[in-house]
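S.K.: What follows is a structure written as structure tokens; I'll ask about it next.
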Amino acid sequence: MKMVDVGEKPKTGRVAVATALLRMLPDTRERILAGKVEKGDVLAAARLAGIMAAKRTPDFVPLCHPIALSGVEVTLAPEDAGLRVRVQVKTVDRTGVEMEALTAACAAALTVYDMCKSVDRGMVLDAVQLEHKSGGRSGTWQREEATLAEAAAPRRRTRAKKAR
């Protein structure tokens with residue numbers, strides 16, 4: 001086991017977007033949106049948890065490089081099934097921010113669960129996934145629309161053009 005040496009790689013702009021779905025009862029979702037959860041502002045706490053988790057990712061993922069993040073945006077949107085967490089992380093560095101985006105999406109969803117478990121213990125954290133990544137040697141990758149019945153996630157990848 002070893003941490004990959006990225007010392008010779010150039011610093012480039014990188015972006016990653018991850019999402020997670022927290023399935024819950026409609027009443028739970030409505031309580032969150034109306035600000036009627038005993039512990040307080042669920043959406044604000046989840047956004048803050050996501051930002052904090054992105055910054056601390058190397059503390060949780062053993063071989064993940066500590067990198068300087070230039071931005072973390074966490075949004076939570078209501079859906080029929082519950083709440084969709086979306087996280088976008090940006091950096092200018094030698095390695096990507098996919099793990100930071102995924103960690104942030106999980107932490108935001110777990111915070112919602114923690115704050116609402118007294119009214120809905122049946123919530124399910126589902127579909128944690130990378131949606132987009134760009135920058136670096138491997139270029140851009142974008143998740144294509146897929147149905148849950150599909151076994152493998154379809155993907156599209158474009159190679160970055162080499163500088164001359």
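The values are calculated or read from the model by the stated rules, or taken from the named source; none is laboratory data. Since this is a predicted model, take the numbers as computed values, not measurements. Heads up, the Cβs are rebuilt from the backbone with ideal geometry, glycines too, and the neighbour counts pull from every protein chain shown.
S.K.: Which of the residues that make up the stretch 40-71 are surrounded by 12 or more Cβ atoms within 10 Å (Cβ to Cβ) and of a type in the set (D, E, K, R)?
M.R.: Asp41, Arg47, Lys55, Arg56
S.K.: Would you point out which residue out of Leu83, Leu110 is surrounded by 21 or more Cβ atoms within 10 Å (Cβ to Cβ), in contact (Cβ under 8 Å) with a residue 40 or more places away in the chain and not aromatic (Phe, Trp, Tyr)?
M.R.: That would be Leu83, the only listed residue that is surrounded by 21 or more Cβ atoms within 10 Å (Cβ to Cβ), in contact (Cβ under 8 Å) with a residue 40 or more places away in the chain and not aromatic (Phe, Trp, Tyr).
S.K.: Let me ask another. For the stretch 9-21, which positions are touching a strand residue (DSSP E or B) at 6+ places or on another chain (Cβ under 7 Å) and farther than 20 Å from Thr57 by Cβ?
M.R.: Listed by number, the list holds a single entry, Leu21.
S.K.: Within the group Ala151, Ala146, Ala109, Ala104, which residue is at pLDDT below 95 and either within 29 Å of Ile32 (Cα to Cα) or not aliphatic (A, V, I, L, M) (or both)?
M.R.: When all the criteria are applied, what remains is Ala146.
S.K.: Now, a different point. Step by step: first the residues of the stretch 8-28, then only those that are farther than 30 Å from Arg94 by Cβ and aliphatic (A, V, I, L, M), then the one that is surrounded by the fewest Cβ atoms within 10 Å (Cβ to Cβ). Which residue is that?
M.R.: Leu25
S.K.: Sticking with this structure for a sec: I'd like the residue in the stretch 113-140 that is closer than 30 Å to Glu8 by Cα and more than 18 Å from the chain's Cα centre (by Cα) and, out of all such residues, is surrounded by the most Cβ atoms within 10 Å (Cβ to Cβ).
M.R.: Per the criteria, the residue is Gly136.
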